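The values are calculated or read from the model by the stated rules, or taken from the named source; none is laboratory data. Being a predicted model, the structure only gives us computed values, none of them experimental. Ideal geometry is used to build each Cβ from the backbone, glycine not excepted, and the neighbour counts take in all protein chains shown.
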Amino acid sequence: MYSIEQRDEQLANTTADIVYELGFDRAPQHLVSVRMRISRVAGSELTLVMPSWSPGSYKIRDYAGWQGNVRCYSVNGSQRAERQYSWRDKASMVIDTGGADTIEVEYLVYAHERTVRTSHVNRFHAFLMLTSICMYVEGRTQEIHHVVLTHDQQRWTSTSTALSAVQAPSQGRMILGALNYDILADSPIEIGDHRVTTFSAAGALHEVALPTNYDLDIDWLTERVKRIVEVETTLFGGKAPYDRYVFIIQAYPGAGGGLEHARSSVNAVDPSALLDKSKAIGLLSLLCHEYFHLWNVKRIRPVELGPFDYTRETYTPMLWLAEGLTSYYDNLLAYRCGFTTQKEYVESISRDDIAKLDDVKGRFAMSTRDSSTLAWLKLYLQSPDGSNRFPSYYLKGGIIMMLLDVYIIDHTDGKYSLDDAMKAMWRRYLEDPAKGMTESECIAIIEQATKVQVRERLMSWLGGTTELPYDEIFQAVGYSVKRSPKKIEAGTFGEKVPAAAVAPTPYIGWSLADVSGKIIVRSVDDGSPAQLAGVGIDDEIVAINGIRILTPAQADHVLGGRIGKEATLTGHCDGRVYTTSITAAERIVPALVEIDKPSARQVEMRNRWLQRTL
Ligand SMILES: [Zn+2]
């Protein structure tokens, strides 16, 4: 039976017949050495499988590709004999056991990809995503699994993971355990000299681990994390559904992204996120997002997302629930935590949601549900023209969930909101944790909890490719979406002498990059001036109106002064130079703005929508 629930006390002093001993002697070369010991082997063959992907990150990564030097042995008392094995396919190998009771398998894993979803090991630390390190034994994933860490505990003083201690560390060995392979796969480990803080909240212990080379304020961060825990657990009844939870926050230049787990999350940020308020809100929203996933996606989940087949793609049209709804809640929860003002939150809806989706021409080409099913090929294997081919289920799914929330509030005079649907889905999880929800069941729960018929509307938004009805929905809370030209304000000399005329911002519909001094087109929006001019991806922009273009900003500048007027563009494609004419348009940006003289009801519904709950 599928279960991802584990309490630390359940693993204390346990024994395991599947044990991985991990060594770090080769850490400077980014190698982890694995010795896997399997006891109580029955039969003449034993099949081991290396996962091809990690739940939560919908991409085939074929982790066996990073594995090598595999050797198998049978063990009989002190006797150890090498055994033959053969690969069955790209992920699984079959060992000829020779009837032995115990088999040991040794191999190396190259771990040198620094993301929240891949292992990363060097002389200073190890971040282990166990899906890429630990093969599973076919047919035995439901047993207790142990991981023995053999690192130098004087040098790497901290170990942060949701795996449970089996016994106190001793003699260079630290033994951790999981009740089954799914929990093991869901529990990354950070080992190094990082700082850790702890706090209690919502009846559980929390750890904040901060691996970074930078001198960042972990106490400031811990205070904010505690606030997030309090606000989010309140939404789900006040008590944390775990005994211990670990926030791993990796801060290094250029970092980004997060990955959710049942009792932990991994969050990667640029160190500037802890030094600059405008960037800190991005980190806090990320923390809200990944933490919210412990309910929505790890427990409340589409039926396809657990139990998992680690060898192949898992298709679901419901990432609008898993990621869309979580994306809607992340900024909303950051606001509820008090990290943003109401004004800042509404501005973020304009800037980070509606304006971003306006730029995605792919919203007319594919539905949100299809974008979810094809996440493996679309979001995670983005083609350069991907923005024209599909909308992200994070972005559009999140906006649809926002519209749904306002719709529910409006149609119940503020009695119910999406919070009530979430609480009902949580009760449904507690009744039957082993099984996720079908899409139809999920919508039925939303309808039951809120007493609003949403099925037809919601399915048309999720399955459609037309514009979302912003004004129709937002009028209930006294807002409308206003689109107007974006102006460049040049400011003033002194108090009131204009520094320059207020100019419109041009819209060309391309993105440009400086590649070794050449200005190269990276993307072209469908229907944009750039497309109408016949410019393509990977073309070089040589000159505009005879002016040599040397930086991306210069191209915008030259065209920006000529909005609505034709210009001559000299481009280069595949070794040949061409000329074409291009006419920049005005950039139009949407904003969610208050309507004139909102009624008392509209203000009341808005206050209901944006009320802080704690
Ligand atoms: Zn997410």
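Assorted remarks:
- Near pairs, Cβ below 7 angstrom, 6+ apart or cross-chain, from the range 99-116 (assigned by TED's automatic domain parsing to the domain that holds Thr131 and among the charged types (D, E, K, R)) to any residue that is assigned to a loop (DSSP other than H, G, I, E, B) and modelled with pLDDT of 95 or more: Asp101/Ser39; Asp101/Arg40; Asp101/Val41
- Condition check for Ile95: among the hydrophobic types (A, V, I, L, M, F, W, C), at pLDDT 95 or above and either crowded, with 19+ Cβ neighbours inside 10 Å or touching a Lys or Arg at 6+ places or on another chain (Cβ under 6 Å) (or both): yes
Yes/no per residue for (1) surrounded by fewer than 16 Cβ atoms within 10 Å (Cβ to Cβ); (2) under 17 Å from Met318 (Cα atoms):
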site	(1), (2)
Ser371	no, yes
Trp376	no, yes
Gly386	no, no
Gly397	no, yes
Met425	no, yes
Ala434	yes, no
Cys442	no, yes
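- In the range 43-67, the residues that are over 24 Å from Glu260 (Cα atoms) and modelled with pLDDT of 95 or more reach residues that are of a type outside the set (Val, Ile, Thr) and surrounded by fewer than 22 Cβ atoms within 10 Å (Cβ to Cβ) with C-beta atoms within less than 6 angstrom, at least six apart or across chains, in these pairs: Thr47/Ser92; Thr47/Glu138; Leu48/Met93; Gln67/Tyr107.
Residues are listed down the side, and each one gets a yes or a no for (1) within 13 Å of the ligand (Cβ to nearest atom); (2) surrounded by fewer than 23 Cβ atoms within 10 Å (Cβ to Cβ); (3) among the basic types (Lys, Arg); (4) assigned by TED's automatic domain parsing to the domain that holds Ile183:
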| residue | (1), (2), (3), (4) |
| --- | --- |
| Gly258 | yes, no, no, no |
| Ser265 | yes, no, no, no |
| Cys288 | yes, no, no, no |
| Glu304 | no, yes, no, no |
| Thr326 | yes, no, no, no |
| Val346 | no, yes, no, no |
| Arg351 | no, yes, yes, no |
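- Selection over the range 25-53 of residues that are in contact with a Leu (Cβ under 8 Å, 6 or more places away or on another chain) and surrounded by 18 or more Cβ atoms within 10 Å (Cβ to Cβ) gives a count of 5.
- Members of the range 80-92 found to be surrounded by fewer than 16 Cβ atoms within 10 Å (Cβ to Cβ) and over 19 Å from Val19 (Cβ atoms), listed by number: Ala81, Glu82, Gln84, Ser86, Trp87, Arg88, Asp89, Lys90
- Residues within the range 57-77 that are under 29 Å from the mean Cα position of the chain (by Cα) and part of a strand (DSSP E or B), tallied: 2
- Conditions (1) within 16 Å of the ligand (Cβ to nearest atom); (2) assigned to a loop (DSSP other than H, G, I, E, B); (3) over 23 Å from Asp432 (Cβ atoms); (4) over 14 Å from the mean Cα position of the chain (by Cα); number of the one not met by Leu333: (2)
- Figure legend. Inter-residue proximity from the range 311-336: first residues of a type in the set (A, V, I, L, M), second residues away from the ligand (no atom under 14 Å from the Cβ) and modelled with pLDDT of 95 or more, beta-carbon distance below 6 Å, spacing 6+ or different chains. Indicated pairs: Met318/Glu439; Ala334/Leu284; Ala334/Thr340.
- Residues that are acidic (Asp, Glu) and touching a residue at least 12 places away in the same chain (Cβ under 8 Å) within the range 210-239 comprise Asp217, Asp219, Glu230, Glu232, listed in sequence order.
- Members of the range 199-215 that are part of a loop (DSSP other than H, G, I, E, B) and surrounded by 18 or more Cβ atoms within 10 Å (Cβ to Cβ): Ala202, Pro211
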